[in-house]
Amino acid sequence: MDKKKKKILFMSVFVVGLMTLIAGTVFLVLNLTRGTEVADGEYLVSVDRWVLADSEDKVEWKFTEIGKGSLTTNAHTNDYDFIWALEENKLKIETDWLYDLENEYNYSLNQDTGELILSADDVEYRFVAQQ
């Protein structure tokens, strides 16, 4: 290999390496400055209770652990257990009410504002995080 080809090969490897270093640095800085967002399920559990907004009823949900929770619709006169799962932007809940209820909601969770929005059958429910 003559000197000219070696120089071109060296410069090419150097430029590619430099571009990789710059891209890696940019991604590192972006990851370090990004907020620490938690998985949706973990965030639901971390909140003390979720209260239905704009409701005169005393509807509260509490996600006690991954997959389990309890709810009340009357300020804890009656509490009901439920099991839950998050699958593909859907919240599935099975409630041990007077009889077993199975509900499925499309959900949107905003961890910054503490809002959980559920929708099903053109009806929307907005829950607010309470610490």
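The values are calculated or read from the model by the stated rules, or taken from the named source; none is laboratory data. What you see is a predicted model, and the numbers here were worked out from it, not measured in a lab. We place every Cβ from the backbone using ideal geometry, glycine too, and count neighbours over all the protein chains shown. Just the protein is used for accessible areas: all its heavy atoms, side chains included, with ligands, DNA and RNA removed. Shrake-Rupley method; radii C 1.70, N 1.55, O 1.52, S 1.80 Å.
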task = Taking the options Glu56, Glu94, name whichever one is over 17 Å from Gln131 (Cα atoms) and in contact with a Leu (Cβ under 8 Å, 6 or more places away or on another chain).
result = Glu94
Positions within the range 1-60 being open to solvent by 100 Å² or more (accessible area, probe 1.4 Å), of a type in the set (D, E, K, R) and in a helix (DSSP H, G or I), in sequence order = Lys3, Lys4, Lys5, Lys6, Lys7, Glu42
ask   = Among (1) of a type outside the set (A, V, I, L, M); (2) closer than 22 Å to Ser119 by Cβ; (3) open to solvent by 90 Å² or more (accessible area, probe 1.4 Å), which single condition is Tyr80 missing?
value = (3)
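Is at least one residue of the range 76-84 more than 16 Å from Phe63 (Cα to Cα), modelled with pLDDT of 95 or more and assigned to a strand (DSSP E or B)? Explain how you work it out, then say what you get.
Here is the first cut: in the range 76-84, the ones more than 16 Å from Phe63 (Cα to Cα) are 77-78.
Applying the additional criterion that residues be modelled with pLDDT of 95 or more yields none.
Scanning the range 76-84, I find no residue that is more than 16 Å from Phe63 (Cα to Cα), modelled with pLDDT of 95 or more and assigned to a strand (DSSP E or B), so the answer is no.
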query = For the range 106-125, which residues satisfy the criterion of being open to solvent by 80 Å² or more (accessible area, probe 1.4 Å) and either part of a strand (DSSP E or B) or under 14 Å from Trp84 (Cβ atoms) (or both)?
reply = Glu124, Tyr125
ask   = Since Leu101 meets every condition but one in (1) in contact with a strand residue (DSSP E or B) (Cβ under 8 Å, 6 or more places away or on another chain); (2) among the hydrophobic types (A, V, I, L, M, F, W, C); (3) touching a residue at least 40 places away in the same chain (Cβ under 8 Å), which condition does it not meet?
value = (3)
query = For the range 85-98, how many residues are outside any strand (DSSP E or B), of a type outside the set (A, V, I, L, M, F, W, C) and either open to solvent by less than 50 Å² (accessible area, probe 1.4 Å) or touching a strand residue (DSSP E or B) at 6+ places or on another chain (Cβ under 7 Å) (or both)?
reply = 1
